[in-house]
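Step one of this worksheet: look at the structure below.
The values are calculated or read from the model by the stated rules, or taken from the named source; none is laboratory data. Remember, it's a predicted structure, so these values are computed and weren't measured experimentally. Backbone-built Cβ (ideal geometry, glycine too); neighbour counts: all protein chains shown. In case anyone asks, the SASA skips ligands and DNA or RNA and just uses the protein heavy atoms, side chains included. Shrake-Rupley method; radii C 1.70, N 1.55, O 1.52, S 1.80 Å.
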Amino acid sequence: MLTIGIFMPLTLFFFLVGSGITYWMGNKIQSSFPWKGLGIGILIGFLIIYKLKESWIDHINLLEVNFWENTGIWQIVGLSFFVFNAVSYLMDIRRRFIKPADSFFKLMLYLLYFPTLHAGPLHRFSYLNEQFDQANISEKSFSNGMRLILWGLFKNFVLAQRLNQLLISLRESEIAGWWTLLIGFVFFFYLYFSFSSFIDFFQGLSEIFNIQLKDNFHKRVYFSINRHEFWKGWHITLNEWFRDYFFYWLIKWKFWRDKPYLLLLMTYVLIGLWHGFTWAYFFWGFLSGIWILVEKVLKIPKLSEKFSSLKWIGVIYHVFICSALALVFVFSSIEDLWDRILKPAYFPLGIWLLHKRNIFIILFMFLQVDFFHIWSKSLRMNIFFERLPAWQRRVIYIQLFLYILILGMFSDGIENFYLQF
């Protein structure tokens with residue numbers, strides 16, 4: 001909190017006020033009707049106003065964000081994660097799933113817990129509160145935490161940062177026509193390695209104190225064979241939040257019970273607008289919802305299971321469309337993106353010459369990560385490393401450390417793309 005107060009005073013001010021409102025409303029929400037939706041309305045309303053301001057007044061190219069130089073100390077960092085956790089707390093009390101926190105400081109610890117505040121994943125109050133009560137540091141917890149931190153640093157410095165450099169060069173080049181899809185393809189993998197590396201890092205930080213955060217990604221989600229499989233393994237806790245606190249809440253009403261597909265489409269539109277109140281994010285959410293509905297109607301998930309031998313056709317199909325949708329996150333406006341796509345197809349060879357070594361390193365490191373993902377199966381990476389023979393474990397630690405030291409890119413520091421949401 002001291003660090004937040006020094007470098008981000010507006011963030012700390014809002015979070016303290018928001019925590020106070022949430023605590024007060026949590027104790028009032030079951031007492032009388034007028035209180036039931038007030039706290040939720042205040043929190044969601046402020047989030048909407050702030051996102052409108054960010055999207056329409058202070059809009060900047062997300063790829064070129066340098067937190068310390070461009071966003072300034074007055075940005076509210078982690079606002080979406082704070083508000084969503086606060087809303088889940090109030091709604092769980094309203095549904096009588098939990099009782100209000102017995103102290104303001106317990107609630108504030110949940111809402112302002114540094115790892116979840118800056119990158120997610122989202123958690124219910126009951127899940128984290130029980131672990132906070134039993135938090136401690138042991139030799140085993142410290143080792144487990146450091147393993148995840150090492151894995152996260154490797155993915156970020158060696159892969160995410162290199163992909164970001166390639167992405168910026170592609171975005172600033174004259175690439176045009178159908179070659180523009182290459183930008184979306186690179187961004188898709190950059191986003192996975194950037195975001196998931198922060199999840200690894202903060203999971204590791206929490207593991208040191210024997211606090212286990214939820215997984216937010218399936219390991220090989222980048223090789224999903226259809227959109228349904230993708231959403232089961234991408235930003236899992238955000239999707240679960242919209243499922244539990246929006247879709248399931250409304251589907252109980254008769255009007256929406258008769259229109260489940262429309263409600264599902266609205267859910268994906270809101271997931272899009274969660275990133276920012278722009279037409280680009282609206283269309284991204286709308287098209288994502290349409291994609292899911294088309295797959296439901298055509299029974300694509302069942303066909304994928306039936307013809308599992310054609311898995312790679314599904315992977316190509318998904319990555320192709322996913323790369324096209326990802327372009328929304330790269331370009332500052334739909335008009336800018338459309339102008340680039342309508343130009344004659346062109347790939348600047350200078351990009352290849354400039355990034356030839358970088359591209360080979362990215363491909364080789366990606367194969368390394370994928371190999372570890374296959375080898376570890378469903379185990380979290382720290383548990384997988386722990387179960388290896390001691391000599392094998394140490395060899396891997398040295399290998400990852402050398403990769404970071406020799407091939408890591410440190411010039412821009414650790415960039416968290418999702419920090420702005």
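For the stretch 252-261, a residue qualifies if it is modelled with pLDDT under 90, assigned to a helix (DSSP H, G or I) and either open to solvent by less than 70 Å² (accessible area, probe 1.4 Å) or not hydrophobic (A, V, I, L, M, F, W, C) (or both), and the qualifying residues are LYS254, TRP256, ARG257. Suppose the filter is within 22 Å of the chain's Cα centre (by Cα) and either modelled with pLDDT of 90 or more or open to solvent by less than 100 Å² (accessible area, probe 1.4 Å) (or both); does PHE372 pass it? Answer is yes for this residue. Does the stretch 262-279 contain any residue that is among the hydroxyl-bearing types (Ser, Thr, Tyr), open to solvent by 10 Å² or more (accessible area, probe 1.4 Å) and touching a residue at least 60 places away in the same chain (Cβ under 8 Å)? Scanning the stretch 262-279 turns up at least one residue that is among the hydroxyl-bearing types (Ser, Thr, Tyr), open to solvent by 10 Å² or more (accessible area, probe 1.4 Å) and touching a residue at least 60 places away in the same chain (Cβ under 8 Å).
At least 3 residues that are of a type outside the set (Phe, Trp, Tyr) and touching a residue at least 60 places away in the same chain (Cβ under 8 Å) in each: list the helices (runs of 4 or more DSSP H) lying fully within the stretch 74-140 that qualify. If you could, list the steps in order and put the result at the bottom.
Values: elements: 79-94, 104-111, 114-119, 125-133.
Where helices (runs of 4 or more DSSP H) fall fully within the stretch 74-140 and carry at least 3 residues being of a type outside the set (Phe, Trp, Tyr) and touching a residue at least 60 places away in the same chain (Cβ under 8 Å), they are 79-94, 104-111, 114-119.
Residue check: PRO301 meets all listed conditions (1) out of contact with any His (no Cβ under 8 Å at 6 or more places or on another chain); (2) surrounded by 11 or more Cβ atoms within 10 Å (Cβ to Cβ) but one, namely (1). Screening TRP178, TRP241, TRP151 for residues that are open to solvent by 30 Å² or more (accessible area, probe 1.4 Å) and not in a loop (DSSP other than H, G, I, E, B) leaves exactly one candidate, TRP178.
Determine whether the stretch 314-332 contains at least one residue that is farther than 20 Å from LEU191 by Cα and open to solvent by 70 Å² or more (accessible area, probe 1.4 Å). Explain how you work it out, then say what you get.
Taking the stretch 314-332 and keeping what is farther than 20 Å from LEU191 by Cα, we get 314.
Adding the requirement that they be open to solvent by 70 Å² or more (accessible area, probe 1.4 Å) leaves none.
No, the conditions are met nowhere in the stretch 314-332.
Which residue is most open to solvent (accessible area, probe 1.4 Å), if the candidates are limited to the stretch 375-395 and must be under 21 Å from LEU159 (Cβ atoms) and either in contact (Cβ under 8 Å) with a residue 12 or more places away in the chain or in contact with a helix residue (DSSP H, G or I) (Cβ under 6 Å, 6 or more places away or on another chain) (or both)? The residue in question is ARG380.
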